[in-house]
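**Student:** Here's a structure for you.
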Amino acid sequence: MSMAISDVETKGMQDNPFAPRADMKIWLDGQLVSPAEATISVFDHAILYGDGVFEGIRIYNGKIFKEAAHIKRIFESAKSIRLEIPMTSDEVSQAMHEAMQANGITQDGYIRLVVTRGVGSLGISVKHTARPSVFIIADKISLYPPEVYQRGLRCIISSITRNAPNSTSPRVKSLNYLNNIMAKLQANDCGADEAIMLTAQGHVSECTGDNIFLVRDGKVYTPPTSEGILEGITRNLVMELARKRGLEVQEKALIRHDLFVADECFATGTAAEVIPIVEIDHRLVGDGQPGTITKQLIQDFVNYRNA
Ligand SMILES: *Cc1c(COP(=O)(O)O)cnc(C)c1O
């Protein structure tokens, strides 16, 4: 057994600047194991086909943020792709707390919760897969550098269309992220921070891992979930906070032009929280500085999560 582990350690871990800390503990199918032991079979359909679901979750002040909403969503994602999570909601919650404790996370952190389809034969059929695996990585959050939050994101509108609702539904937070990865690659190739993706109809959908909002004439707009977007938990909270502030919020189909003439624009997501977008396809958003309402909503979000 120990020989097997050291073999794994030399594979992908050694001399890898992105390798996890050796003292981390990963929750894997009911056990807390080292990163070297935290392995998934090459026959798992998560690896072979991107077949599985996940959540990215924040920990603020030692508490799992919007825990119930994240657990609900992973069960909904799983139901949509007919993946049976071999645990109850309470067991998932308990496992996340075990992972936090095992890694000494008492203040701020990040959880990646993943359910794979499980080991199967080489065909795509789920009939030939066994038990799904569940794993939880609890770690520090990795973010855009602080200066990016200060100046705001520079975005392109990607030529990569967001998955259509009748293909791999964007409502499912699945392990199949290639659609978004291709758009992010294009953004980075263009020297931009992030990509905004359109639907096949040319409507604004979202960024590669964040939802999008714009502000025009004091009103706040974001695409409705029927456009084929991930129904972000941060998105829903920001809509609520904006309404509490007395702002009008509309879920509305938006096109490229709406982005170009917006006074303000921002993205929301668990990792990024609320982040200004200041440039879109070489057009400044407003005056090119993070907007007033955007800054107010950032403050509202910070107050909410610190409360
Ligand atoms: C996770 C995700 C988001 C943001 O959702 P949150 O629940 O706010 O973290 C937005 N878009 C995509 C494609 C995502 O995967």
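Just so you know, all these numbers are worked out from the coordinates, no wet-lab data involved. Model, not experiment: these values are computed from the prediction. Cβ coordinates were reconstructed from backbone atoms using ideal geometry, including for glycine residues, and neighbour counts include every protein chain displayed.
**Student:** When the Karplus curve 6.51 cos²θ - 1.76 cosθ + 1.60 is applied with θ = phi - 60°, which whole-Hz ³J(HN,Hα) does each residue of segment 156-170 get, with x for Gly and Pro?
**Tutor:** Karplus-based 3J(HN,Hα) across segment 156-170 equals 10, 9, 6, 7, 7, 6, 5, 3, 6, x, 8, 9, 6, 5, x Hz.
**Student:** Calculate the length of the line joining the C-alpha centroid of segment 218-277 to that of segment 170-188, in whole Å.
**Tutor:** 19 Å
**Student:** For the charge dipole of the chain, defined by +1 on Lys and Arg C-beta atoms and -1 on Asp and Glu C-beta atoms about the Cα centroid, which residue among ALA130, GLY191, SER77 has the Cα displaced farthest towards the positive pole?
**Tutor:** SER77
**Student:** Here's another thing I want to ask about it. How far apart, in nm, are two points set 7 Å out from the Cα along the Cα-to-Cβ line at ASP15 and at LYS127?
**Tutor:** In this crude label model, ASP15 to LYS127 measures out at 4.6 nm.
**Student:** Counting Lys +1, Arg +1, Asp -1, Glu -1, what net charge surrounds ASP51 among other residues with beta carbon under 9 Å of its beta carbon? Don't jump to the answer; show the numbers that get you there.
**Tutor:** Numbers: positive: ARG117; negative: ASP44.
So the environment of ASP51 carries a net charge of 0.
**Student:** Follow-up question, since we're still on this one. Can you list the residues, at least 5 places off or on another chain, whose amide H is less than 5 Å from the amide H of GLY118, using H built in the peptide plane?
**Tutor:** HIS45, ALA46, SER133
**Student:** Can you tell me how segment 5-139 classifies by the Cα gyration tensor, rounded, prolate or oblate, using a/c under 1.5 as the rounded cut?
**Tutor:** oblate
**Student:** To test your reading of the geometry: what angle, between 0 and 90 degrees and rounded to tens, separates the Cα axis of helix 67-80 from the longest principal axis of the chain?
**Tutor:** Orientation of helix 67-80: about 80 degrees from the principal axis.
**Student:** At what distance in nm do the modelled label points of GLU240 and TYR304 sit from each other, each positioned 7 Å from its Cα along Cα→Cβ?
**Tutor:** 0.6 nm
**Student:** Taking the Cβ of each residue in LYS219, LYS173, LYS140 as the centre, tally the other Cβ atoms inside 10 Å and list the residues starting with the fewest. Before the final figure, lay out the partial values.
**Tutor:** Details: LYS219 15, LYS173 22, LYS140 12.
The order, fewest Cβ neighbours first, is LYS140, LYS219, LYS173.
**Student:** A follow-up question, please. With r defined as the distance between the Cβ atoms of ARG151 and ARG82 and R0 fixed at 41 Å, what FRET efficiency is calculated, to the nearest 0.05?
**Tutor:** Values: r = 44 Å, r/R0 = 1.07.
Computed FRET efficiency for ARG151 and ARG82 comes out at 0.40.
**Student:** How much length is gained on full extension from ALA22 to GLN101, taking 0.36 nm per residue of separation minus their Cα-Cα distance? All intermediate terms of the calculation are to be shown ahead of the outcome.
**Tutor:** On the way: separation 79, 0.36 × 79 = 28.44 nm, distance 1.64 nm.
The ALA22-GLN101 span can extend by a further 26.8 nm.
**Student:** For LEU284 and ALA68, FRET efficiency with R0 = 45 Å and r from the beta-carbon atoms, rounded to 0.05?
**Tutor:** Numbers: r = 40 Å, r/R0 = 0.88.
It comes to 0.70.
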